[in-house]
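The values are calculated or read from the model by the stated rules, or taken from the named source; none is laboratory data. Model, not experiment: these values are computed from the prediction. Cβ sites come from the backbone with ideal geometry, for glycine too, and all protein chains shown count toward neighbours. Accessible surface is based on the protein model in full, side chains and every heavy atom, while ligands, DNA and RNA are left aside. Shrake-Rupley method; radii C 1.70, N 1.55, O 1.52, S 1.80 Å.
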Amino acid sequence: MKLTRRTLLALGSGTSVYAMVAGLPAFASLTDDAISAFTGGAATGEGAISLTAPEIAENGNTVPISVDAPGAAEITIFADGNPVPNVATFKFGPLSASRSASTRIRLAKTQNVVAVAKMEDGSFQMVKANVKVTIGGCGG
Amino acid sequence: MISRRDFLQVSMAASALYGASGFGNWARLAAQQQLTQDQLLQFDTFGNVSLIHITDIHGQLTPLYFREPSINIGVGGNKGAVPHVTGADFRKLYGIKDGSPSHYALSSGDFAALAQGYGRVGGLDRVAMVINAIRADRPDAILLDGGDTWHGSYTCYKTQGQDMVNVMNALKPDAMTFHWEFTLGSDRVAELVEALPFAALGQNIFDAEWDEPTDLFPPYKMFERGGTKIAVIGQAFPYMPIANPRWMFPEYSFGIRDENMAAMVEEVRSQGAECVVVLSHNGFDVDKKMAGVVPGIDVILSGHTHDALPEPVVVGDTIIVPSGSNGKFVSRVDLDIRDGRMMGYRHKLIPIFSDVIAPDPKVAALIKAERAPYLAEMAEVIGRTESTLYRRGNFNGTWDDVICDALLSEREAEIALSPGVRWGPSVIPGQDITREDIFGVTSMTYGEAYRTEMTGEFLKVVLEDVADNIFNPDPYYQQGGDMVRTGGLGYRIDVSKPQGERISNMTLLTSGEPIDAGKSYVVAGWASVNEGTEGPQIWDVVENHIRKLGTVTVQENNSVEVIGV
């Protein structure tokens, strides 16, 4: 099997969603609201969008993330533990060679980073990654 | 297509460590005389390629005692799986007889008595002898150092890693990866790495500013051996800027980066590699998960979590070989690489019994020369111990109890915190404690012992945070290491719960009263990852404490109640 970046990320998000349930904030509902506003309440698919984010942030003040969704017209990123969940929106014109973007975001604490893509056909794709923000451990 | 069954058959046939049949009773060992260097080195050369793996030496040039853990809890999918099996259960699992050399080398139980009989382990001059012997069988064997090499001893601290670099260079490694090395500071790391006569690898060592690979640490190196091409991909410790002080190496970013690992595997395969070896400092459970996520890796040489297993763990078509720590073991892995793939392997975890394996005279002389300038100050006797002093275990070790007591009394604190690192040799009952022994469990470049106030609420946050680094059910969120050690503070931990719910019943041990979330407590600790931490060096604190005690006796520590296992 040839492993694609996409299958990797699908595996990654599948295993990480349960990691941080405790203390998931009231902001989560803000994110749900914001996503609904973006999608107009339409259902979201998965598999055609990938999100690369560290499992544990090295520095919560500047967390590198990147998104990739071939065929996307627009991608919005949300951080569900931040006071204002909308982080960034990237718009792609029909001549855009790649529908990917990278940025750095600030995460106040452990939370989910959610990317939602509006595809050129009007459908929506969503992917989620749990990023842990920690005060630091001890190592071996 | 090689099947899982082929792998397992080879594995069983080669069954690892000499001594699985046992040597009978341990009482003052005739066993030691029966154990010979030839037996330890015996190996029927196999296939066309040999790998030699050593990892997590932690600056230990000379023979030492090292007690393996009694408690090493696995969570999630690794519950009850190796290496989370200890003591008698471990021996039962691998058919190791009580009192045998394998018992002493690989598991806890009767440690002090067995240490008296079997003596010390490790010593890089003995390691050199083993490497020489393997190279006599297979001159082009590939020697790989898994990192945590330039850290952990008096001489390593004083020479900023130079002693280890000099001695390791004499062993002629082919490649290395990294963890604690970076705590020397990025300038010193660059200085040492630029002068290395072998590859410094790390596919996950990135430039922090641009989040792209660095020139200093290439991702992999190709080797042509035995008529085939082997790629060795480096994987440094993923969580260095979190577990260790980020301000000491701000130019670098790490992370697991398994998508990049997958890309590197594809890249080396496309360049003709018939065998892909990952030289990893991930820690065992992270390696196990990565083997399942990233296809195309034949061998993972596993470091960081200091586990030693008598045979590889197989995940799909990948074998994972953990090789212990502190110079106690060398792994030899012979591979049969044909027709573009790994057809089979033979493995042996070779325990370095220091009294059985002869030192290599050249390396012994080199070690002596490196130590000579510091010998007098290192050898100074500070006290003696009536208890075994050790560190390994998820919650506390007797060495940590001594360190926490030293912090409580010397820094006049109510509560002490000591990092749950896994390095540090043991001292057996009746032994003197030297300054070198104290450095063996405390040496680091950020050893200042702070004294501060923390609220009960913040103390709980600290315990919860560290607990999640160890007991998060997803290995990718585990940093390796063990629970932060506490002095003056007891608690209950439910390892099955999520973060925020594991810790309860926090108690101030002096008064027996529950910890009050709103109250401030005087806390002393060391190894803070924060820049500008002030205080005396931890080794001075511990030395003063032991000097006052004269003789150290450690009582059983019942201050942590563990549930949910």
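Calculate the length of the line joining the C-alpha centroid of the stretch B:267-327 to that of the stretch A:62-140, in whole Å. Between the Cα centres of the stretch B:267-327 and the stretch A:62-140 lies a distance of 31 Å. Burial annotation for the stretch B:439-467: residues with an accessible-area loss of at least 20 Å² between the isolated chain and the complete set of protein chains, computed on heavy atoms with a 1.4 Å probe, are B:ASP465, B:VAL466. For B:LYS519, the residues whose amide H sits under 5 Å from its own are B:GLY456, B:GLU457, ignoring neighbours fewer than 5 places away on the same chain, with H placed 1.01 Å from N.
Put simply, chains A and B cover up around 3000 Å² of each other's accessible surface, both sides summed, when a 1.4 Å probe is used.
Would you please give the FRET efficiency between B:SER496 and A:VAL84, computed as 1/(1 + (r/R0)^6) with r the Cβ-Cβ distance and R0 = 25 Å, to the nearest 0.05?
Values: r = 35 Å, r/R0 = 1.40.
Approximately 0.10, to the nearest 0.05.
For the set B:THR510, B:THR62, solvent exposure ranked by accessible area (probe 1.4 Å, protein chains only) runs largest to smallest as B:THR510, B:THR62. With the Cα gyration tensor of the stretch B:62-107 giving a ≥ b ≥ c as the square roots of its eigenvalues, does the rule (a/c under 1.5 for rounded; else a/b larger than b/c for prolate; else oblate) give rounded, prolate or oblate? Taking the square roots of the gyration eigenvalues as a ≥ b ≥ c, the stretch B:62-107 is oblate. What shape does the stretch B:288-427 take by its C-alpha gyration tensor, where a ≥ b ≥ c are the square roots of the eigenvalues and a/c under 1.5 counts as rounded, a/b above b/c as prolate, and the rest as oblate? Oblate shape, in that a/c is at least 1.5 and b/c is the bigger or equal ratio.
Annotation: amide H of B:LEU51 within the under-5 Å range of B:ILE142, B:VAL333, B:ASP334, B:LEU335, sequence separation 5 or more or interchain, hydrogens built in the peptide plane.
The string of couplings for the stretch A:96-103 from the Karplus curve (6.51, -1.76, 1.60, θ = phi - 60°) is 4, 6, 10, 10, 10, 8, 10, 7 Hz, one whole number per residue in order, with x for Gly and Pro.
When the accessible area of the protein assembly as shown is split by element with a 1.4 Å probe, what percent falls to carbon and sulfur?
On the way: 12680 of 25390 Å².
With neighbouring chains kept in place, the figure for the protein assembly as shown is 50 percent.
A loss of 30 Å² or more of accessible area (1.4 Å probe, protein heavy atoms, ligands and nucleic acids excluded) relative to the isolated chain is seen in these residues of the stretch A:84-126: A:ARG104. Placing unit charges on the Cβ atoms only, positive for Lys and Arg and negative for Asp and Glu, gives chain B a dipole magnitude near 1720 debye about its Cα centre.
Accessible-area rank, largest first, for A:LEU51, B:LEU93: B:LEU93, A:LEU51, with all protein chains present and a 1.4 angstrom probe.
Work out the FRET efficiency for A:THR39 and A:SER98 from their Cβ-Cβ distance, taking R0 = 30 Å, and round it to the nearest 0.05. List each step's numbers first, then the result.
Working: r = 23 Å, r/R0 = 0.76.
FRET efficiency, A:THR39 to A:SER98: 0.85.
For the stretch B:380-563, the normalised intensity computed at q = 0.08, 0.13, 0.14 Å⁻¹ comes to -0.24, -0.65, -0.75 (log10 of I(q)/I(0), Debye sum over alpha carbons, equal scatterers, no solvent). Close amide H partners of B:GLN537, meaning residues 5 or more places away or on another chain with modelled amide H under 5 Å apart, are B:ALA449.
From the alpha carbon centroid of the stretch B:231-252 to that of the stretch B:55-85 is 21 Å.
Each residue was assigned an accessible area with a 1.4 Å probe, and for B:VAL276 the value is about 0 Å². Residues of the stretch B:326-357 falling in the label zone of B:VAL314, defined by backbone nitrogen less than 11 Å from a point 7 Å along Cα to beta-carbon, are B:344-345. For a paramagnetic label modelled at 7 Å from the Cα of B:ASP187 toward its Cβ, which residues of the stretch B:525-552 fall within the zone defined by backbone nitrogen distances under 14 Å? Output list for this probe position: empty. Converting phi to 3J(HN,Hα) with the Karplus coefficients 6.51, -1.76 and 1.60 and the offset θ = phi - 60°, the stretch B:500-505 yields x, 10, 7, 9, 8, 6 Hz in sequence order, with x at every glycine or proline.
Using Cα pairs closer than 8 Å and at least 6 residues apart in sequence, work out the relative contact order for chain B, in percent.
Numbers: 1347 pairs, mean separation 100.8, N = 565.
Computed value for chain B: 18 percent relative contact order.
The alpha-carbon atoms of the protein assembly as shown define a convex hull whose volume equals 151 cubic angstrom per residue.
Distance between the pseudo-spin-label points of B:ASP215 and B:ASN505 (7 Å out from Cα toward the beta carbon): 5.9 nm.
Taking θ as phi - 60° and the Karplus parameters 6.51, -1.76 and 1.60, the scalar couplings of the stretch B:111-116 work out to 4, 4, 5, 5, 5, 4 Hz in sequence order, x denoting glycine and proline. Using r as the Cβ-Cβ distance of B:ASN544 and A:ASP32, and R0 as 45 Å, what FRET efficiency do you calculate, to the nearest 0.05? The pair B:ASN544/A:ASP32 has a calculated efficiency of 0.20.
Taking a ≥ b ≥ c as the square roots of the eigenvalues of the Cα gyration tensor, the stretch A:42-115 is classed as prolate, since a/c reaches at least 1.5 and a/b is larger than b/c. Here the simple spin-label model places points 7 Å from the Cα toward Cβ, and for B:TRP247 and B:ALA195 these points are separated by 2.8 nm. Diffusion coefficient of the stretch B:415-459 by Stokes-Einstein, Kirkwood radius over Cα pairs, 25 °C, 0.890 mPa s: 186 µm²/s.
Calculate, for chain B, the solvent-accessible area per residue in square angstrom, rolling a 1.4 angstrom probe over the heavy atoms of the protein chains.
Numbers: 19060 Å² over 565 residues.
Value returned for chain B: 34 Å² of accessible area per residue.
Scale the Cα Rg of chain B by the rule-of-thumb value 2.2 N^0.38 Å and send over the ratio, two decimals. Provide the component values of the computation, followed by the final result.
Numbers: Rg = 22.6 Å, N = 565, 2.2 N^0.38 = 24.4 Å.
Normalised Cα radius of gyration, chain B: 0.92.
Across peptide B:472-480, the mean count of Cβ atoms from other chains lying within 10 Å of each residue's own Cβ comes to 6. Between the stretch B:419-482 and the stretch B:107-142, the alpha-carbon centres lie 27 Å apart. Legend: Rg and Dmax of the stretch B:374-436, from Cα coordinates, 12.7, 36 Å.
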